[in-house]
1. Give me the distance between the Cα centres of region 6-70 and region 73-126, rounded to whole Å.
2. Can you give the extra length, in nm with one decimal, that the chain gains between residue 18 and residue 89 once fully stretched, where that is 0.36 nm per residue apart less the Cα-Cα distance?
3. Could you check which residue among 82, 117, 92 shows the biggest mean-square fluctuation in a GNM of the chain with a 10 Å Cα cutoff?
4. Helix 127-149 against the longest principal axis of the chain: what's the angle in degrees, Cα atoms only, rounded to the nearest 10?
5. Under 10 Å, Cα contacts only: if you run a Gaussian network model on the chain, which one of 25, 51, 36 comes out with the highest mean-square fluctuation?
6. Could you work out which residue, out of 101, 83, 134, moves most in a Gaussian network model of the chain, that is, has the largest mean-square fluctuation with Cα springs under 10 Å?
7. For the pair residue 48 and residue 36, how long in nm is the line joining their label points, each one 7 Å along Cα→Cβ?
8. At 0.36 nm per residue, and after removing the present C-alpha to C-alpha distance, how many nm does the segment from residue 139 to residue 111 gain when stretched out fully?
């Protein structure tokens with residue numbers, strides 16, 4: 001499963017509570033562009049509509065250059081439907097009603113010939129939580145380097 005793109009800010013700014021896998025409804029040239037790594041998950045999030053569908057919002061997929069002549073009205077940041085089972089959607093709808101929780105894409109990867117998205121139910125971190133995490137990583141890095149020198 002080669003990872004095509006990751007949302008690095010998500011793990012820094014949010015506490016990940018639960019993860020799940022979803023498919024993405026893409027057009028043919030979009031699939032080729034994503035498999036070439038031309039996707040950005042920065043500023044992307046997941047929105048649930050009233051009909052119970054999940055949508056990936058603000059993910060940027062660059063146009064596939066060989067198909068550019070056929071994609072005259074292409075919008076690289078259009079909303080893309082996420083393919084989830086009804087039970088997964090119902091659990092997401094239940095958690096969206098809790099205050100302070102959001103749905104974020106963590107990474108895009110291939111599974112066989114399919115393009116999959118790793119979703120997370122997350123809660124935003126406070127500024128002091130971020131500082132504590134940075135301090136913990138720094139201490140662990142210093143311990144590893146000290147042990148390596150022994």
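1. Result: 9 Å between the Cα centres.
2. Full-extension gain reported as 24.2 nm.
3. Fluctuation is largest for 92.
4. Once rounded, one gets 70 degrees.
5. 51
6. Fluctuation is largest for 134.
7. Output for this residue pair reads 3.6 nm.
8. Difference between extended and current length: 6.5 nm.
Where a number appears in this text, it was derived from the coordinates with a stated rule and is not lab data. As the structure is a computational prediction, the values presented were derived from the model and not from experiment. With ideal geometry, Cβ positions are generated from the backbone for all residues, glycine too; neighbour counts draw on all protein chains shown.
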